[in-house]
Amino acid sequence: MAALQITKLPNITTTTPHHHNALTTVSLLRLPRFPQHDNSVTRRDGLFSRSSVKYDASRRFGLVAVRAFDYSAAASTATTTTETEEVVVVEEEEKPAEGNGTVTRFRKAAAAEEYPDDVAAFEVRKDGGVWDDILLKLRLMVAPPWQRVQNGSVLVMHLGGEISDLKGKFFSPEFTLPQISENFAKAANDPRVAGIYLKISSLNCGWAKLDEIRRHIVDFRKTGKFVVTYMYRFHEKEYFLGCASDELYAHSLSPFGLYGFALSATFIKGVMEKMGMEPQWVKVGKYKKAGDQISRTTIDKPHLEVLNHMLGERYDYWMDVVSSSTGKRRDELEKLLNEGAYDMNRLKEAGLITDVLHEDEVLSRMKAKVGLRKDQVLPMVDYRKYSGVMNWTLGLNSGEDEIAVIRACGCIDMSWSILNFPGTGINPHDVIKQIRAVRESKKYKALVIRIDSAGGDCLASDMIWRELKLVAAEKPVVASLSDIAASGGYYIAMAADAIVTENLSLAVSVGIHQGKLNFSELHKRIGLNKHIVSKGRYAEYPTSGHRALRPEEMQLLDNINKHWYTIFIDRAATSRSMSIEEMEKLAQGRIYHGSHAFALGLVDAVGGMARAIAIAKHKANIQQDKPVRIVELTKPNSGLTEWITGLGTVVAGLGGALGSVSVGPKFGDHGVEARVDASMLDGLDGGEVSEYSNPIFTIMKSFLKLGLGSI
């Protein structure tokens, strides 16, 4: 047990100078409501043992220590004053981060509710004795051929490219988070599976999904089975996963780059002006940066502040986790990053990988792990085939009580067309049907809504929020935040009884923006003329794409934004039990990492889907050790619809670009599958600037997908 010290903090007002890596003692507006959990693991092969690294308390947003990142020279002398109420804190002795790298430091004394903390990433079947073993063997014996697996098999899982939060089906991409998580859980409980062989290549997903997968690797190893990883090409994200395994191998010529982190923001106003387009944008909140990429030519101070702050948080988190897994000191890791290593043998010398081998040599080592001779064939089961093994066969997901899961992924949009397929965005009508099914059915004891969305339409967001509030009045609702739940995504989450986020989820962004594009110069260049006859002062406003907005129309736009912002901030303040003034200080359209939002009281707990389900059980008065049946209500994405829908939306967007463009208020930073890179900071969801993306094309695609300006 860690030593506990109770400290009483009086009302204080502190002034914090903003300078690079300044360590200051402050009291935050609101305490973290619940402690973060950690999943500890020690390398069994002896290569990476548990680290004795002492962590700098300034690198976590707890009550007492905060690191402020502001690299702007203009802000070097600025100060921030924060007033706090009297609180009593139970301060826990600092301990190394383990598993997902989180460090528990502060617990709120006499908290209204302590949520389940030490939660496994997946269900582990309890030993029910001889009779239970007999039943399991019988189920395995009668399983259909496609569910049969040879004893002592190694499950082969490929991780690379995009990882969706929706379940895949038929033509869907191979990598979906629900299926990855389910396969880890099944393999951990399957007596026929000896271990997992992970083959990792370039990943294109956010850090929340990486945390979720990493937690599964850690907890799988706790069952006594092994995880061996082979890296084909990797950077910081891929290594973040790989270093959690028992053994980590790579080819001598595998492209890699452990160079650090970079975030960027791209601005194309100059490009658009050369094309004859003039952006006219209005926003509420100084940190609301959606639209800046087409309405500005350079970055402003609030934008730069957010970039620097998030860059520092991400860098520190990666350092903490990798240091904990490898046993390397922070200065050793920084030295490696800064020397620009390019030879794989350098990583081996530094103790960051197990060995540099060809893949056949790795397979030979795995034979020894399962007790086979070199001349024997290693039994392996492919990821796709193993996905066909039913949970029932292994006695999993078979509890009497049921918890519903609804997945809200993508842009929140009211529009509907023949191109609206499951998984192509968040249509409120579809989501509301699922929510009402939960409310009207007595079999569901709770609802977990999984959100991976940068936002979108205000009306659609509020419709979903309302339905969730109706469910919350009758049964527990818990929101689980994936890579991003900002603006409209956070608006939806505010209806839940509890919000659970990963450390590096992108969250909050309470702000409003909307605008129009003036195509008059473009129309002039191509010889297009438009004449409108109207009655009413603002009658031409919705169809004014052929000219610049008049002053009274700009004022109307601003009034609409402020009206929606008032509603948004009122909802947010009520949800978080804050005053409007308190919420206003934290809002302003600012986006936060999950750990920062947790420290400010904007979310309730840090963890993944497993912790969200544990909290749902807690609120539904279901014992934590009692199995429950998780029912996925969101239809799987067929995958075949993705490229059809993408083609259709671009064509539709091009059609609207040369005509009149009507804009409604939007919460989201933009509408491309819940990413923020084209609106605020390029590469934010990936950890580094993508070497394959063209920022201009990415931004233009973002606007075309919603009809140019309808963001």
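Which FRET efficiency value, to the nearest 0.05, is calculated for ASP300 and GLU349 with the Förster distance at 30 angstrom and r the Cβ-Cβ distance?
The formula returns an efficiency of 0.10 here.
Karplus-derived 3J(HN,Hα) values for the range 197-203, using 6.51 cos²θ - 1.76 cosθ + 1.60 with θ = phi - 60°, are 10, 8, 10, 10, 10, 4, 9 Hz; glycine and proline are entered as x.
Among the listed pairs LYS199/LYS385; LYS328/LYS369; LYS199/LYS237; LYS433/LYS626; LYS269/LYS585, a Cα-Cα separation exceeding 18 Å is found for LYS328/LYS369; LYS433/LYS626; LYS269/LYS585.
Give the peptides 451-459, 499-507, 260-268 in descending order of average Cβ contacts within 10 Å, highest first.
Result, highest mean Cβ count within 10 Å first: 499-507, 451-459, 260-268.
Database remark: amide H of CYS411 closer than 5 angstrom to the amide H of ILE426, GLU673, ALA674 (H placed geometrically; neighbours at sequence offset of 5 or more, or on other chains; Pro and chain starts carry no H). What's the FRET efficiency of ASN559 with SER201 using the Cβ-Cβ distance as r and R₀ = 45 Å, to the nearest 0.05? Given R0 = 45 Å and the Cβ-Cβ separation, E is 0.35.
In whole angstrom, how long is each semi-axis of the equivalent ellipsoid of the range 207-333, when you take the square root of 5 times every eigenvalue of its Cα gyration tensor and sort them from largest down?
40, 17, 14
Approximating the spin labels as points 7 Å out from Cα along Cα→Cβ, the LYS585-to-HIS429 distance works out to 4.5 nm. Annotation: amide H-H contacts under 5 Å for ILE484 (H modelled 1.01 Å from N, sequence separation of 5 or more, or interchain): SER453, LEU506. Taken one residue at a time, the phi angles of the range 357-367 give Karplus couplings (6.51, -1.76, 1.60, θ = phi - 60°) of 9, 6, 5, 5, 6, 5, 4, 5, 5, 5, 4 Hz. Gly and Pro are set to x.
Take the Cα pairs of the range 404-505, get the Kirkwood Rh, then feed it into Stokes-Einstein at 10 °C and 1.306 mPa s and tell me D in µm²/s.
For the chosen part, D equals 119 µm²/s.
Take the Cβ atoms of MET380 and ASP625, set R0 to 22 Å, and the FRET efficiency comes out at 0.05. Placing unit charges on the Cβ atoms only, positive for Lys and Arg and negative for Asp and Glu, gives the range 414-507 a dipole magnitude near 480 debye about its Cα centre. In this structure, the amide hydrogen of ILE591, modeled 1.01 Å from its nitrogen in the peptide plane, lies closer than 5 angstrom to those of SER509, counting only residues at least 5 positions away or on a different chain.
Stretching the chain fully between ALA539 and ALA437 yields a gain of 32.6 nm (0.36 nm per residue, less the alpha carbon separation). For the range 456-506, the gyration tensor built on C-alpha atoms gives an oblate shape. Its axis ratio a/c (a ≥ b ≥ c) is at least 1.5, and a/b is not larger than b/c. Protection proxy ranking of 381-392, 586-597, by the mean of other Cβ atoms within 10 Å over each peptide's residues and highest first, is 586-597, 381-392.
Using the per-residue mean of other Cβ atoms lying within 10 Å as a proxy for protection, in what order, highest first, do the peptides 531-537, 200-206, 337-343, 352-358 fall? Write down the numbers at each step before the final one.
Values: 531-537: 8.0, 200-206: 21.1, 337-343: 13.1, 352-358: 19.4.
Descending mean neighbour count gives 200-206, 352-358, 337-343, 531-537.
7 Å from Cα along Cα→Cβ at both VAL156 and LEU253: what's the point-to-point distance in nm? With each label point 7 Å from Cα toward Cβ, the separation is 2.1 nm.
Rule-based calculations on the coordinates, nothing more; no lab input. What you see is a predicted model, and the numbers here were worked out from it, not measured in a lab. Here the Cβ is made from the backbone with ideal geometry for all residues, glycine too, and neighbour counts use every protein chain on show.
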